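What follows is one structure encoded as structure tokens, with my remarks underneath.
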Amino acid sequence: MRIGAHVSTAGGLEKGIERAQAMGAETIQIFGAAPQSWRRSAYLPQDAAAFRARAAAADIWPIFIHAIYLVNLATSNPENLIKSQDALIADMVLSSAIGAKGLIFHIGSHRGLGYANVFGQIVDSVRRVLAETPEDTWLVMENSAGMGDSVGRKLGELAAVMKEVASPRLKVCFDTQHAFSAGYDVATAGGLAATVDEIEREVGLAHLVAIHANDSKCPLGGGVDRHENIGEGHIGRAGFEVIVAQPAFRDLPFLLEVPGFPKEGKKAEGPDKENVDRLKAIAAGVGWRAS
């Protein structure tokens, strides 16, 4: 188990490695572009090469990119659908260039159209992205909290896309907060065991490649995407003791996407060393080292 976090690359790709080292992250996730804009960041081949070298020297791996928030493969807007596909393709190309394992993304929201009515469009979109990107990088679907008709609240929705696309490059990332909000009781041993059984039955544990380790401001089944710092939310420290002790997660990277703690009067700025240290301590406490 390697424990890390989403880190900012503001100022250049290599800055992400510096920030990861400062918080003790062993694995990272980054954005390939500003998350709330269609506009792409321009990276030269030497930028990608320098990032790869810096990450290797720092022993930070695996690395994932997270897609921008605007992506929606379930949209009824044809222009935004093409923009979404193009954004995923661009990030997949970048993923290959920097030596990342793949691109994690949310399928999006059907906004009342119904999952069945957008399923074919989602499948066609995923096929296009995979067809137009390097073979050495994964496209990784993330489960959702169920907010706003988002696709992926139930693991079976992701499984159906996987079955129809039938590509070994299509994988899954499991977000603990999203699952908890969607009604999966990952905070208890019995609830998590049932959830893992469903992952195996619907998705297949071999296709699970990352864990987004987030506590929840939302209660069980609340259906809202609201992350909390480790041990401060409804999952709690006891819940994360259960999560890190789950054998099915033993060899997966744990990536924090939590708000962080304010420091010296400054507002919190996302995942921080305290959260990384908390999760490492929990992992050590159940008998598993973080690296």
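Shape verdict for region 46-192, please, from the Cα gyration tensor: rounded (a/c under 1.5), prolate (a/b greater than b/c) or oblate. Oblate.
Taking each residue as 0.36 nm, the span from residue 261 to residue 82 lengthens on full extension beyond its C-alpha to C-alpha distance by 60.6 nm. What's the longest uninterrupted piece of the chain once you rule out the trypsin sites (Lys or Arg not before Pro) that are loop residues per DSSP with at most 13 other Cβ within 10 Å? It works out to 40-249. Annotation for region 249-272 versus region 1-74: alpha-carbon center distance of 15 Å.
Considering only 82, 63, 230, the mean-square fluctuation computed in a Gaussian network model of the chain, springs between alpha carbons under 10 angstrom, is largest for 82.
Using a Gaussian network model of the chain in which every pair of alpha carbons under 10 angstrom is joined by a spring, one finds that among 152, 222, 265 the greatest mean-square fluctuation is at 265. On full extension, the segment bounded by residue 93 and residue 127 gains 10.7 nm, given 0.36 nm per residue less the C-alpha separation.
If R0 is 35 Å, the Cβ-Cβ spacing of residue 163 and residue 37 corresponds to a FRET efficiency of close to 0.55. Listed by Cβ neighbour count within 10 Å, with the fewest neighbours leading, 173, 218 appear as 218, 173.
Among 256, 220, a tally of other beta-carbon atoms within 10 Å of each Cβ gives an order, fewest to most, of 220, 256. The spacing between region 106-120 and region 126-181, judged by their C-alpha centroids, is 13 Å. Which lysines have a Cα less than 19 Å from the Cα of residue 263, not counting those fewer than 8 places away in the same chain? Cα-Cα hits under 19 Å: 273.
Counting only DSSP beta bridges whose two residues both lie in region 125-246, roughly 20 percent are antiparallel. Calculated mean residue ellipticity at 222 nm for the chain: -12500 deg cm²/dmol, from DSSP H runs with n ≥ 4 weighted as -39500 (n - 2.57), summed, divided by the residue count and rounded to 500. Quick one: of the DSSP bridges fully inside the chain, what percent are antiparallel, nearest 5? Around 10 percent of the beta bridges assigned by DSSP in the chain are antiparallel ones.
By other beta-carbon atoms within 10 Å, ranking 258, 140 with the fewest at the front produces 140, 258. Once each of the GluC sites (Glu not before Pro) sitting in a DSSP loop with at most 16 other beta-carbon atoms within 10 Å is removed, the chain keeps 1-131 as its longest stretch.
Length gained on full extension, residue 277 to residue 198: 25.4 nm, using 0.36 nm per residue less the C-alpha separation.
Each reported figure results from applying straightforward, stated rules to the coordinates on display, with no laboratory input. Quick caveat, the model's predicted, so the values are computed rather than measured. Neighbour counts run over all protein chains shown; Cβ positions are idealised from the backbone, glycine included.
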